[in-house]
Amino acid sequence: MSTAVLVSCHGTVSRTADIPAFLNNIRRGRPTPPELLAEVTHRFEVIGGSPLMVITEAQARALEARIGIPVVVSGRLWHPYPSEVLPGLVAKGVRTIVSLPLAPQSVDVYHGPVREAAASHPELSIRAVPAWGMEPALIDAFVETIDEALAAVPEAERTAVPIVLSAHSLPRRVIAMGDKYEAQFREMAAAVAARLEARGFSARIAFQSQGASAEPWLGPDLAETFADLAAQGATSVLVAPIGFLAEHVETLYDLDIEAPKIAAKAGLGRFYRAKAVCDRPRFVDAIEAVVRRELDR
């Protein structure tokens, strides 16, 4: 065994007691206001904890079964960090790591900690996969989830339901500094929208889950989007969180609990939500293709 795959996700805690330290990581050491800590804790408790790491592990196991080499999981902002995972791989004889972020945009944000951890192991070489949001099987997987959600819409109303393709917002200053996240997400969303529009559906982009800071964030947000749809005569909406590859607080709370209320307030009486791709086979096809390309390079 000389090669392994390290899949990286955002990371999250499994115990609410760890939320203060987790927020400290996210906020890069800036003090967390008590009200923010209380709100984040509340959200975790309402959804019964985040399944992000469980789903990420399932994605890793599905990939490992396809490619026949070890696949291990790390988090960018919480344990297990790459620095905690790599020593065990090196001890087992691994000399090449394929770094696969389980986020198709802004991949360097995830590759960075892997490269930093690998610096302590000069025998390791890192193969960092490029942004992969346009992987055909990934687009297929998103369309699958949307079709499954559309099945819950009465057939007579189906093509009249506007579809909102959502992603996590970022501060605009991050984009101004050169981050390619917005451009890469819009390109991916456009590919999904083209598939839907070819079948008579309408689709648009929204950015959700803006942070607590008062600075400008990427928009339009869900409230603006829902209000605009209602003004155009829509009475329902379907949100497809294609910016998230696993269920997490941003889907289970922000979309399943908050978003229906925002939609109702805007005048959209029926709210539908597509699931995240998680470990569905077509998504595993996508990450398998990405990794195999890197292995064959």
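Does residue 12 satisfy the condition of being of a type in the set (Val, Ile, Thr), in contact with a Gly (Cβ under 8 Å, 6 or more places away or on another chain) and in a loop (DSSP other than H, G, I, E, B)? Spelling it out, residue 12 is indeed of a type in the set (Val, Ile, Thr), in contact with a Gly (Cβ under 8 Å, 6 or more places away or on another chain) and in a loop (DSSP other than H, G, I, E, B).
Filter the stretch 114-134 down to residues that are in contact (Cβ under 8 Å) with a residue 60 or more places away in the chain and buried (at least 20 other Cβ atoms within 10 Å of the Cβ) and give me whichever is nearest to residue 297 (Cα to Cα). Filtering the stretch 114-134 for residues that are in contact (Cβ under 8 Å) with a residue 60 or more places away in the chain and buried (at least 20 other Cβ atoms within 10 Å of the Cβ), the one nearest to residue 297 (Cα to Cα) comes out as 129.
Going by what's in this entry, would residue 263 be described as of a type in the set (Gly, Ala, Ser) and closer than 21 Å to residue 153 by Cβ? Walk me through how you get there before you give the answer.
Values: of a type in the set (Gly, Ala, Ser): yes; closer than 21 Å to residue 153 by Cβ: yes.
So residue 263 fits the description; yes.
When the stretch 168-184 is filtered for residues that are among the charged types (D, E, K, R) and in a helix (DSSP H, G or I), the ones remaining, listed by number, are 172, 173, 182. From the list 244, 226, 201, the lone residue that is buried (at least 18 other Cβ atoms within 10 Å of the Cβ), among the hydrophobic types (A, V, I, L, M, F, W, C) and closer than 26 Å to residue 112 by Cβ is 244. Scanning for something of a type in the set (D, E, K, R), assigned to a loop (DSSP other than H, G, I, E, B) and modelled with pLDDT of 95 or more, does the stretch 144-166 turn up at least one residue? Scanning the stretch 144-166, I find no residue that is of a type in the set (D, E, K, R), assigned to a loop (DSSP other than H, G, I, E, B) and modelled with pLDDT of 95 or more, so the answer is no. When the stretch 174-190 is filtered for residues that are surrounded by fewer than 19 Cβ atoms within 10 Å (Cβ to Cβ), among the aliphatic types (A, V, I, L, M) and closer than 20 Å to residue 132 by Cα, the ones remaining, listed by number, are 175, 183, 190. For the stretch 15-42, a tally of residues being surrounded by 13 or more Cβ atoms within 10 Å (Cβ to Cβ), out of contact with any Ser or Thr (no Cβ under 8 Å at 6 or more places or on another chain) and closer than 30 Å to residue 284 by Cα returns 2. Exactly one residue out of 200, 243 is over 27 Å from residue 40 (Cβ atoms) and not aliphatic (A, V, I, L, M): that is 200. When residue 185 is tested against (1) within 23 Å of residue 236 (Cβ to Cβ); (2) within 18 Å of the chain's Cα centre (by Cα), only condition (1) is not met. Test residue 246 against the criterion of being small (Gly, Ala, Ser), at pLDDT 95 or above, assigned by TED's automatic domain parsing to the domain that holds residue 205 and under 14 Å from the mean Cα position of the chain (by Cα), and give yes or no. Yes: the conditions hold for residue 246.
The values are calculated or read from the model by the stated rules, or taken from the named source; none is laboratory data. Everything numeric here is computed off the predicted structure, so don't read it as measured data. Neighbour counts run over all protein chains shown; Cβ positions are idealised from the backbone, glycine included.
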